[in-house]
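> Take a look at this one; I'll ask things after.
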Amino acid sequence: MLRVPEKTHSDLEWSSLREELAQRCQTQRGSERALALEGFERPADARRRLELVAQCRDARGEGERLSLHLVRDLRPVLRRVEKRGALSPEDLLAVAATLGAARDLRRQGRGLLERHPALGELLGGLDPLQDLRGAIEGCFDETGALADRASVLLGQLRERARALREEAIGRLRALLADPAMQSRLGDDYYTDRDGRYVLPVKAERRAEVQGIVLGSSASGATVFVEPQQVIDIDNRIKLATADLEREEQRILAELSELVRQGMAGLLATLERLALIDLVNGAARLAEDLACGEVVAGESPFLELCGLRHPLMVLAGAEVVANDVRLSLGSVLVVTGPNTGGKTVLLKAVGLAALMLRAGLFPSCTATSRIPLFDAVLTDMGDDQSISESLSTFSAHVTNVGRLLSVAGPGALVLLDEVAVGTDPVQGAALARAILEALVDRGAMVLVTTHYPELKGLPSRDPRFSNASMGFDLERVRPTYRVIPDAPGRSSALSVARKLGLPEELLERAAGLLDPAAAKVDRLLAELESERRKVLDERERLASDRIELARRRRELERAEQELARERRAIHEDSHQAAVAALRGARDELERRRRRIRALGRKEELDRASEELDRLAARVSAHAPVAEPPPGRPAEGRDLEVGAHLWVQRLGGLARVLSVDRAQVLVQSGPLKLRVDQKEVRVVEGDQGASPVGRDSPSGRRDQPSPSGRAGHLPAGIHDAEELGHFQEPQTTCDLRGLRVDEAEEVLARFLDRMLLEEAPSALIIHGHGTGALRKLVRGHLRRERSVERHRPGRRGEGGDGVTVAFFGS
């Protein structure tokens, strides 16, 4: 059973932390739950809540904020409807708005289920009572008034009332336009009194206007007369209005009854909304505290890393983070000067334990380990009471007696200045006995003290350990930093000297010190000085490491920028070569026409072959696609069917077979044998579609040299400048065919490309003897539909393929 006495809550200022949580809730009920927050009885419940808070915090980090600002506190509304009272339009709209918020959150939860299942399940479990919400919203318009569509009769009654008012207004306007009536009126307008239309008549001309006087002006100079001409209509308007009000009340009562019938589901939805609000508030609190997501463990060890007092953090104070380590059945004796932060440290540890048990992340780093304590017991502050005849010492002893009766394994005990307020010798002896009794019971104890006797316990009992709060003697102020495994000094004489007490008085006090105690104090001072030097050196080294890491990052960025510039220069040079080659081909085409006219075909063939060789050299120096993030493929990665990045192709290819250090891969129709060192495993989605995987369009995508099929990089306006994208429908494979067979297949393929208006095509002829290559390129030169052609580039198959481009 969880045991956290009210005194523990008071000592640790738990109510202040709950108020901070409540301020981060969006609903009244959520805030109330925050203000009443206690630790969970079962550790499993605390872990589930922590999981929810962690997922909510992660979702918030992804931009998924939970909006509950439309949720209303419906408890007064439900109490009224439970007594069968009719609800006002405002109350009903509040119900609809709350259910609308529940609907939106449930929809949001469905989208979170995969990434954050616990949070998605919490939101998805909301019941927005669709029928009730729809019934209410269907009866009101956008202004919040009952709409004519709320019932057939309501619409009819409103239409009749409108017609009667229009008739009455028509008669009043006619009276205002009558010259005889105008001389009797105090002004040219009509108004209403108690729902009846009247005209302002001069008091002295009252007798000249037939009708009923319904009032007068403050001065008495004007009387308001209901003209005889509209009395009958006003009577009918009154009756229509009464009928209308009865119908509106009937509709409101009917909707109220629907709310009453759905009250059980509504209450459940409200409670779940309050829980969601509380979880969201806890996530916001964790964000503001910059908490690590500590795992609530069953370990007997307490290891708090980067611990800060949460209330001081939220108050905007500069807080020193500290590490605290302890195990069950042990005592940490914390010593040091007054105002040095000992009590703050104890409270921070206690709040960390309470927060974790209540499903809140404590203000420490994620590397911390915190048990879910069964009891958190404290003795802090001055509980003296004149009315109960309790001195400071008596109050402490009484409270410690209660702690001893419940402390045991799984208990965290925090004692601030144990056994003070009495004779120091006896107080120190009593303090030691209390600590030994607590540790014998298996409790984990943190105690602050000024008793020198307690500082020596770690040397005699392995269950005890020391820690001290640092103090800067030069500046005469605490550092608030915990120094592990070292007893602290009170530094009273040093502080007094800095604060201006007479030197002779201080010398006298030093002379009265016990020589042994003075020697110990000097040794502690020397030890503290050495520790401070070590800590300063450690901080300097940490700062140097940070600076070194920063410079290394800058150097890496500079190297990456330099590499990008080199690639840009290379690409620019290659594009210039491509442009020059294109110009040469255009010139060749012009010369071809002239040479054909002269009949010198051999000269034309030699020029074409020379140009093909130049094109091959330009292609060989094309920029190589940068490999995506990944790693070199290993034996276990080289499975048949795996999709791996092949450097030579500049894209993904499918593994067909593996033979020692050689890998046979396929990219579209192209098969290639490469060294294992050329193959890489791609980490994550790099934008290139794996070979053989069906794309959303239904065709099977092939990798492109750029890794982005169908899109040209910035600055590239021609497909020839980038490379041919291999697709089955624009690829012709002639390998294995005889020359005469290949020529027939190629002719049919080019005819089909012409009919389909393809911009380019890939003809695979292989290397072999070169006969097929010569056939293909000769045919393409003669083909009128082919604007130009070139050898394949490194990522397309090299000189084993030819790419043809068709005119528009």
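Bear in mind these aren't lab numbers, they're just calculated from the coordinates by the rules spelled out. Because the structure is a prediction, the values reported are computed rather than measured. Here Cβ is always computed from backbone atoms with ideal geometry, including for glycine, and neighbour counts include all displayed protein chains.
> Of all trypsin sites (Lys or Arg not before Pro) in segment 78-124, which ones are in loop regions per DSSP and have a Cβ with at most 16 other Cβ atoms within 10 Å? Could you put the intermediate results ahead of the total?
On the way: sites: R79, R80, K83, R84, R103, R106, R107, R110, R115; in loops: K83, R84, R115.
For trypsin sites (Lys or Arg not before Pro) across segment 78-124 that sit outside H, G, I, E and B with at most 16 neighbouring Cβ atoms in 10 Å, the list reads K83, R84, R115.
> Between Rg and the Kirkwood Rh of segment 744-808, both from Cα atoms, what is the Rg to Rh ratio? Walk me through the numbers on the way to the answer.
On the way: Rg = 11.2 Å, Rh = 11.8 Å.
Looking at segment 744-808, the ratio lands at 0.95.
> Can you give me the long-range amide H partners of S216? Hydrogens built in the peptide plane at 1.01 Å from N, cutoff under 5 Å, separation of 5 or more residues or another chain.
Correct list: F224.
> Also, I was wondering about something else. At 0.36 nm per residue, minus the direct Cα-Cα distance, what do L506 and Q130 gain on full extension? Give it in nm, one decimal, please. Display every interim value, and only then the final one.
Values: separation 376, 0.36 × 376 = 135.36 nm, distance 8.03 nm.
That works out to 127.3 nm of additional length.
> OK, next. Rounded to the nearest whole Å³, what is the per residue volume of the convex hull around the Cα atoms of segment 72-115?
Values: hull volume 3.1 nm³, N = 44.
Value for segment 72-115: 71 Å³ per residue.
> May I pose another question? Order of 216-223, 307-314 by packing, highest average Cβ count within 10 Å first? Before the final figure, lay out each step's value.
Values: 216-223: 12.6, 307-314: 21.4.
Put in order of decreasing packing, that is 307-314, 216-223.
> Using the Karplus curve 6.51 cos²θ - 1.76 cosθ + 1.60 with θ = phi - 60°, work out ³J(HN,Hα) for each residue of segment 318-334 in order, rounded to whole Hz, and write x for Gly and Pro.
Residue by residue, segment 318-334 yields 7, 10, 7, 7, 10, 10, 10, 10, 6, 10, 4, x, 9, 10, 9, 9, 9 Hz.
> A follow-up question, please. Determine how many Å³ per residue the convex hull of the Cα atoms of segment 134-233 encloses. It would help to have the intermediate numbers written out before the result.
Details: hull volume 12.0 nm³, N = 100.
Taking only Cα atoms, segment 134-233 has a hull volume of 120 Å³ per residue.
> Here's another thing I want to ask about it. Cα-based Rg of segment 1-151 per 2.2 N^0.38 Å, rounded to two decimals? Numbers along the way, then the final one.
Working: Rg = 19.1 Å, N = 151, 2.2 N^0.38 = 14.8 Å.
Against the empirical 2.2 N^0.38 Å value, I get 1.29 for segment 1-151.
> How big, in percent, is the set of alpha carbon pairs in segment 39-114 lying more than 20 Å apart?
Details: 1526 of 2850 pairs.
Tail of the P(r) past 20 Å holds 54 percent of the pairs.
> How large is the dipole of segment 45-151 about the Cα centre if only Lys and Arg carry +1 and Asp and Glu carry -1, each at its Cβ, rounded to the nearest 20 debye?
Numbers: 19 positive and 18 negative charges, 85 e Å.
Dipole about the Cα centre, nearest 20: 400 debye.
> Let me ask something additional. What fraction, in whole percent, of alpha-carbon pairs in segment 209-278 exceed 19 Å separation? Numbers along the way, then the final one.
Details: 1592 of 2415 pairs.
Of all Cα-Cα distances in segment 209-278, 66 percent exceed 19 Å.
> For segment 327-438, divide the Cα radius of gyration by the Kirkwood radius and give the resulting Rg/Rh value with two decimals.
Working: Rg = 15.1 Å, Rh = 15.4 Å.
Using only Cα positions, Rg/Rh for segment 327-438 is 0.98.
> For segment 396-446, what does the equivalent ellipsoid look like in terms of its semi-axes, each the square root of 5 times an eigenvalue of the Cα gyration tensor, given largest first in whole Å?
Listed largest to smallest, the semi-axes of segment 396-446 are 19, 10, 9 Å.
> Spelling out what I want: for every residue of segment 295-301, take phi, set θ = phi - 60°, compute 6.51 cos²θ - 1.76 cosθ + 1.60 (Karplus), and round to whole Hz; glycine and proline get x.
Going residue by residue, I get 8, 6, x, 9, 5, x, 9 Hz, with x marking Gly and Pro.
> Ok, one more. Within 11 Å, Cβ to Cβ, of L70, how many net charges do the neighbouring residues add up to if Lys/Arg are +1 and Asp/Glu are -1? Could the numbers behind the result be given before it?
Numbers: positive: R72, R103; negative: D104.
Residues near L70 contribute +1 overall.
> In cubic angstrom, how much convex hull volume per residue do the alpha carbon atoms of segment 182-250 span?
Working: hull volume 5.8 nm³, N = 69.
Convex hull of Cα atoms, per residue: 84 Å³.
> Now for a separate question. Efficiency by 1/(1 + (r/R0)^6): what FRET value for T398 and T241, r their Cβ-Cβ distance, R0 = 56 Å, to the nearest 0.05?
Details: r = 74 Å, r/R0 = 1.32.
Efficiency, rounded to the nearest 0.05: 0.15.
> By how many nm would the segment from L541 to R65 lengthen if fully extended, with 0.36 nm per residue of separation less the alpha-carbon distance? Spell out each step's value before the answer.
Working: separation 476, 0.36 × 476 = 171.36 nm, distance 4.07 nm.
Full extension of this stretch gives 167.3 nm more.
> Let me check against my output: what whole-number percent is the relative contact order of segment 729-808, with C-alpha pairs under 8 Å and at least 6 apart?
Working: 123 pairs, mean separation 25.6, N = 80.
Relative contact order for segment 729-808 comes out at 32 percent.
> Which of the pairs K7/K455; K7/K342; K677/K774; K342/K533; K83/K238 have their Cα atoms more than 25 Å apart in this structure? Mind showing how you got there, number by number?
Numbers: K7/K455 27 Å; K7/K342 19 Å; K677/K774 33 Å; K342/K533 22 Å; K83/K238 31 Å.
Over 25 Å Cα-Cα: K7/K455; K677/K774; K83/K238.
> Still on this structure, I have one more. How fast does segment 254-412 diffuse by Stokes-Einstein, in µm²/s, taking the Kirkwood radius from C-alpha pairs at 4 °C and 1.567 mPa s? Write down the numbers at each step before the final one.
Numbers: Rh = 18.6 Å.
After rounding, the answer is 70 µm²/s.
> Still on this structure: For the ranges 355-362, 655-662, what's the packing order if you count other beta-carbon atoms within 10 Å of each residue, average per peptide, and put the highest first?
On the way: 355-362: 25.5, 655-662: 12.4.
Answer by packing, highest mean first, reads 355-362, 655-662.
> May I ask you to evaluate 6.51 cos²θ - 1.76 cosθ + 1.60, the Karplus curve with θ = phi - 60°, for each residue of segment 358-368 and list the ³J(HN,Hα) values in order in whole Hz, giving x for glycine and proline?
8, x, 10, 7, x, 7, 8, 7, 5, 7, 6
> Okay, moving on. Would you mind putting 199-206, 177-184, 732-739 in packing order, based on average other-beta-carbon counts within 10 Å, highest first?
Working: 199-206: 17.2, 177-184: 11.8, 732-739: 15.8.
The densest-packed peptide leads the list: 199-206, 732-739, 177-184.
> So what is the orientation-averaged projected area of segment 70-197, using the convex hull of its C-alpha atoms, in nm²? Numbers along the way, then the final one.
Working: hull surface 50.6 nm².
Dividing the Cα hull surface by four gives the mean projection, 12.7 nm².
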